[in-house]
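Here the structure comes first, spelled out in structure tokens, and everything after it is commentary.
The values are calculated or read from the model by the stated rules, or taken from the named source; none is laboratory data. Bear in mind that the values here come from a model prediction, so they are computed numbers and not experimental data. A quick note on method: Cβ atoms are made from the backbone with ideal geometry, for glycine too, and the neighbour counts reach across all protein chains shown. For the accessible areas, the whole protein counts, side chains as well, though only heavy atoms, and no ligand, DNA or RNA atoms are used. Shrake-Rupley method; radii C 1.70, N 1.55, O 1.52, S 1.80 Å.
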Amino acid sequence: MLVTGDLFTHRSYPVIDESSGGSLRGMIEAIENLLPMIDKDTLLVPGHGAVTNRAGLAAFLDMLRSIEDRVLVLVEAQREIPEIAAARPTADFDSVWGRGYVTGAHFTRMALAGMGLINARAALEAPTA
């Protein structure tokens with residue numbers, strides 16, 4: 001059994017604590033380091049959500065990587081913050097991962113805050129979509 005705390009939230013977007021140095025990249029790297037330590041029979045206790053297994057953690061990692069890739073494409077294209085938010089890089093994941101208190105819009109803004117592109121207060125004040 002592995003208790004992950006809030007590093008992993010099953011079926012909801014996590015909170016990225018930019019104010020403490022947290023980032024989407026850091027979450028991805030931490031999970032990449034955890035996966036080799038567990039097998040298909042390992043139970044994972046997330047910070048929020050139901051107990052799951054390696055497949056649940058792998059799905060979470062895939063979602064994080066996909067969103068990061070989409071945000072980075074927009075950042076590298078020098079899009080402004082409102083354009084990145086309007087592009088809704090979380091859209092295909094929102095029906096599963098965006099049902100909790102962290103919406104896709106909030107998660108996008110937290111990811112940007114973790115990249116140092118906006119401040120944490122702006123991330124929390126994101127409009128709900």
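The table that follows gives values for the structure above.
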quantity: Unit charges on C-beta of K, R, D, E only; dipole of the chain, Debye; calculated: 220 debye
quantity: Accessible-area ranking of Ile31, Ile38, largest first, probe 1.4 Å; calculated: Ile38, Ile31
quantity: Order of exposure, largest accessible area first, which applies to Met63, Met115 with probe 1.4 Å; calculated: Met115, Met63
quantity: Area accessible to solvent at Asp41, 1.4 Å probe radius, in Å²; calculated: 110 Å²
quantity: Low-density loop cleavage sites - trypsin sites (Lys or Arg not before Pro) in the stretch 1-88, where at most 13 other Cβ are within 10 Å (DSSP); calculated: Lys40
quantity: Nearest-10 value in Å² for the accessible area of Met27, using the 1.4 Å probe; calculated: 20 Å²
quantity: Computed [θ] at 222 nm, deg cm²/dmol, the chain (DSSP H ≥ 4; -39,500 (n - 2.57); rounded to nearest 500); calculated: -13500 deg cm²/dmol
quantity: Options Pro36, Trp97, Ser23, ranked by Cα towards positive dipole end of the chain, top entry (Cβ charges); calculated: Trp97
quantity: Longest to shortest principal axis, alpha-carbon extents of the stretch 9-51, angstrom; calculated: 35, 22, 13
quantity: The stretch 23-85: translational diffusion in µm²/s, Stokes-Einstein, Kirkwood Rh over Cα pairs, 20 °C, 1.002 mPa s; calculated: 162 µm²/s
quantity: Whole-Hz couplings from phi, Karplus 6.51/-1.76/1.60, listed for the stretch 88-95; x for Gly and Pro; calculated: 6, x, 9, 3, 6, 9, 4, 5
quantity: Cβ-based charge dipole, the chain, positive-most Cα from Asn119, Leu72, Ser12; calculated: Ser12
quantity: Per residue accessible area in Å² of the chain, where ligands, DNA and RNA are left out and the probe is 1.4 Å; calculated: 53 Å²
quantity: With every protein chain in place, the stretch 60-123: carbon and sulfur % of accessible area (1.4 Å); calculated: 50 percent
